[in-house]
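The values are calculated or read from the model by the stated rules, or taken from the named source; none is laboratory data. Quantities reported herein were computed from a predicted structural model and do not represent experimental measurements. Cβ sites come from the backbone with ideal geometry, for glycine too, and all protein chains shown count toward neighbours. Each accessible area value is taken on the protein alone, full model and side chains, heavy atoms only, with ligands, DNA and RNA left out. Shrake-Rupley method; radii C 1.70, N 1.55, O 1.52, S 1.80 Å.
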Amino acid sequence: MLSYFAGLAFLAVVLVVMYAIRILREYERAVVFFLGRFQAVKGPGLIIIIPVIQTMERVDLRVVVMDVPTQDVISRDNVSVKVNAVVYYRVVDPQSAIINVENYHEAVSQLSQTTLRSVLGKHELDEMLSERDKLNIDIQKILDEQTDAWGVKVTNVEIKHIDLDESMIRAIAQQAEAERARRAKVIHAEGEAQAAAKLTEAADQLSKNSNAITLRYMQTLIDIAGDQNSTIVFPLPLDLVKPLLKADKG
């Protein structure tokens with residue numbers, strides 16, 4: 001009988017020792033409570049937890065990649081879009097992550113969704129499409145400030161997709177086409193204005209010397225003859241025609 005109780009006692013001691021000895025990996029920490037009160041953060045490696053009077057919560061310190069579900073967002077210019085993103089964060093204070101919030105992963109997920117909607121809703125569609133890097137930084141800063149009390153550090157936020165319905169895609173395509181046509185007209189008008197300015201400048205230079213005009217006539221004839229044309233129209237200066245007209249009248 002004594003050997004039986006001794007065996008049970010030995011088995012109980014073995015079970016207690018097995019329960020007391022905990023091994024934490026390099027990226028894990030244990031938040032230890034003594035009779036329900038916070039005692040210390042332990043790990044990594046081998047730690048001892050006294051059964052019954054001590055309990056522990058494991059915390060992973062690695063970076064968590066969290067996918068933010070697709071959110072319906074209405075932009076400042078009243079365009080409905082669907083946006084999803086990915087958030088990178090990690091626990092930097094295990095004590096705060098366990099004590100200050102019930103479930104830090106769920107808390108970060110919900111906060112990311114609401115922040116994504118609120119930040120993008122303050123911008124127009126063109127800003128969402130062209131200034132994505134700036135929006136990523138704005139969302140990351142807001143999340144990092146809000147999660148600081150939870151012992152969580154948000155390291156990066158990336159907006160993955162901004163989806164539009166078919167009607168809005170067609171409207172944007174028409175707008176882009178109209179914008180390209182407007183730019184083409186502006187460039188053409190600027191070219192005409194520059195050409196007119198250069199022609200005016202050239203005319204001023206030629207009017208200062210009549211010989212320059214004659215040389216220009218000759219250059220024009222050379223250019224026309226080079227094209228193998230059978231008909232050559234030669235412009236006659238008015239200075240040569242005026243004396244002939246006066247002689248006829250006389």
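So in segment 125-159, with the set limited to residues that are of a type in the set (Lys, Arg) and open to solvent by less than 80 Å² (accessible area, probe 1.4 Å), which one is farthest from Asp72 (Cα to Cα)? Give the steps one after another, and end with the answer.
The initial filter retains those residues of segment 125-159 that are of a type in the set (Lys, Arg), namely 132, 134, 141, 153.
Next, only the ones that are open to solvent by less than 80 Å² (accessible area, probe 1.4 Å) stay: 132, 153.
Working: Arg132: 17, Lys153: 26 Å.
Looking at the filtered set, the residue picked out is Lys153.
Does Met66 satisfy the criteria of being touching a helix residue (DSSP H, G or I) at 6+ places or on another chain (Cβ under 8 Å) and either part of a strand (DSSP E or B) or surrounded by 11 or more Cβ atoms within 10 Å (Cβ to Cβ) (or both)? Yes, satisfied. Inspection of segment 126-133 finds a residue satisfying the criterion of being part of a helix (DSSP H, G or I), over 30 Å from Arg22 (Cα atoms) and touching an Asp or Glu at 6+ places or on another chain (Cβ under 9 Å).
Entry remark, segment 75-86: residues being open to solvent by less than 60 Å² (accessible area, probe 1.4 Å) and either touching a strand residue (DSSP E or B) at 6+ places or on another chain (Cβ under 8 Å) or modelled with pLDDT of 95 or more (or both) number 6 in total.
Yes/no matrix, rows are residues, columns are (1) modelled with pLDDT of 95 or more; (2) out of contact with any Lys or Arg (no Cβ under 7 Å at 6 or more places or on another chain); (3) farther than 29 Å from Ile139 by Cβ:
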position: Leu11; (1), (2), (3): no, yes, yes
position: Val14; (1), (2), (3): no, yes, yes
position: Ile23; (1), (2), (3): no, yes, yes
position: Leu46; (1), (2), (3): no, yes, yes
position: Ile49; (1), (2), (3): no, no, yes
position: Val65; (1), (2), (3): yes, yes, no
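In segment 13-30, the residues that are under 30 Å from Val92 (Cβ atoms) reach residues that are open to solvent by 100 Å² or more (accessible area, probe 1.4 Å) and at pLDDT 90 or above with C-beta atoms within less than 7 angstrom, at least six apart or across chains, in these pairs: Ile21/Leu46; Ile23/Leu46; Tyr27/Arg62; Glu28/Arg58; Ala30/Arg58.
Return yes or no: is Glu166 without any contact (Cβ under 8 Å) to a residue 12 or more places away in the chain, closer than 22 Å to Arg29 by Cβ, out of contact with any Cys (no Cβ under 9 Å at 6 or more places or on another chain) and open to solvent by 80 Å² or more (accessible area, probe 1.4 Å)? Criteria not met by Glu166.
Would you say Asp72 is in contact with a helix residue (DSSP H, G or I) (Cβ under 9 Å, 6 or more places away or on another chain), assigned to a strand (DSSP E or B) and open to solvent by 40 Å² or more (accessible area, probe 1.4 Å)? Yes: the conditions hold for Asp72. If you check Val101, Val41, Val32, Val52 for being within 29 Å of Lys160 (Cβ to Cβ) and of a type in the set (A, V, I, L, M, F, W, C), only one passes: Val101.
Residues in segment 85-121 that are farther than 29 Å from Phe38 by Cα and out of contact with any helix residue (DSSP H, G or I) (no Cβ under 9 Å at 6 or more places or on another chain): Val86, Gln113, Thr114, Arg117, Gly121.
Has segment 32-49 got at least one residue that is open to solvent by 70 Å² or more (accessible area, probe 1.4 Å) and either among the hydroxyl-bearing types (Ser, Thr, Tyr) or closer than 23 Å to Tyr88 by Cβ (or both)? Looking through segment 32-49, none of the residues is open to solvent by 70 Å² or more (accessible area, probe 1.4 Å) and either among the hydroxyl-bearing types (Ser, Thr, Tyr) or closer than 23 Å to Tyr88 by Cβ (or both). For the residues Leu236, Leu240, Leu206, the requirement of being open to solvent by less than 80 Å² (accessible area, probe 1.4 Å) and either at pLDDT below 85 or not in a helix (DSSP H, G or I) (or both) singles out Leu206. Under the condition of being in a strand (DSSP E or B) and either open to solvent by 20 Å² or more (accessible area, probe 1.4 Å) or among the acidic types (Asp, Glu) (or both), the residues counted in segment 87-110 number 2. Residues in segment 1-31 that are loosely packed, with under 11 Cβ neighbours inside 10 Å, in contact with a strand residue (DSSP E or B) (Cβ under 9 Å, 6 or more places away or on another chain) and of a type in the set (A, V, I, L, M): 1 in all.
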